[in-house]
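Student: Input: one structure, supplied below.
Please treat every number below as a calculation from the coordinates, not as lab data. Keep in mind that this is a model prediction, so the values were computed, not measured. Cβ coordinates were reconstructed from backbone atoms using ideal geometry, including for glycine residues, and neighbour counts include every protein chain displayed.
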Amino acid sequence: MGLSEPDPGDEATIRVAYEEERVPITLDKDFGDLAIVYGMPHRGIIRLVGFAARPQGKYCIAALQRFEHELTHGAIVTGMADRVRIRLSD
């Protein structure tokens, strides 16, 4: 999606990520709600909480490497400055 294209919305984004075997990375709870509350299929989700913009990329790379197995199996990884929370898929 280019910068000039309209946002397709969270449901379309998580659906495309699932179809393309991608892990969405987000700053809010919406993807987690779609996965947990509404049962939308996904290939794992990374949510960042309280990170400044500069360290986000570095953290994402580290999380993808460290939690690859869990994400592959549909985990939701929530990264905070002082801890990580992992919700494994049912």
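Student: Using DSSP to define loop residues, name the chymotrypsin sites (Phe, Trp or Tyr not before Pro) in segment 2-45 whose beta-carbon has at most 12 other beta-carbon atoms within 10 Å.
Tutor: Hits after loop and neighbour filter: TYR38.
Student: While we're on this one: Which of the following values of mean projected area of the Cα convex hull in nm² was calculated from the structure shown: (i) 6.0; (ii) 7.6; (iii) 7.0?
Tutor: (i)
Student: Something else about it: Run the simple label-point estimate for TYR38 and ARG87 please: 7 Å along Cα→C-beta, distance reported in nm.
Tutor: 1.4
Student: When only DSSP loop residues count, what GluC sites (Glu not before Pro) in segment 1-50 have their Cβ near at most 11 other Cβ atoms within 10 Å?
Tutor: GLU20, GLU21
Student: While we're here: Among ALA35, ALA75, ALA12, determine the one that fluctuates most according to a GNM of the chain built with springs between C-alpha atoms less than 10 Å apart.
Tutor: So, out of ALA35, ALA75, ALA12, the one fluctuating most is ALA12.
Student: Run through the DSSP bridge list for the chain and note the antiparallel percent, rounded to the nearest 5.
Tutor: 40
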